[in-house]
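Report on the structure given below.
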């Protein structure tokens with residue numbers, strides 16, 4: 001019985017690890033613009049809330065107050081709009097969220 005429990009826990013751990021590595025674009029990260037001469041950090045290193053799972057409406061949200069890294073700041077919405085394109089949910093910051101359809105796509109190759 002204990003071997004079965006160990007196997008289930010190990011399988012779940014591997015599944016979680018694989019999920020984290022398979023979807024790096026949904027993880028919060030400092031945004032930068034890189035050119036051959038240097039890398040410029042945007043918004044003084046401010047971050048955005050992490051993206052949650054895709055909802056029933058097909059949107060994946062990054063919402064203030066939910067899954068926020070320590071360096072989240074007010075520039076998060078603008079960073080995500082510049083990086084991934086227009087807000088696919090309710091446009092603007094009134095709802096506190098930035099949304100994409102499905103997984104966030106990098107629509108601005110100048111921003112990493």
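No value in this document is a laboratory result; all are computed from the given coordinates. Given the structure is predicted, the values throughout are model-derived calculations rather than measurements. Reconstructed Cβ throughout: ideal geometry from the backbone, glycine too, with neighbour counts over all protein chains shown.
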*Using the Cα gyration tensor of the stretch 27-96, with a ≥ b ≥ c the square roots of its eigenvalues, what is the shape: rounded (a/c below 1.5), prolate (a/b larger than b/c) or oblate (neither)?*
prolate
*Full extension from residue 70 to residue 106: what is 0.36 nm times the residue separation minus their Cα-Cα distance, to one decimal in nm?*
10.6 nm
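Which FRET efficiency value, to the nearest 0.05, do you get for residue 34 and residue 54 by plugging their Cβ-Cβ distance into 1/(1 + (r/R0)^6) with R0 = 22 Å?
The value I calculate is 0.15.
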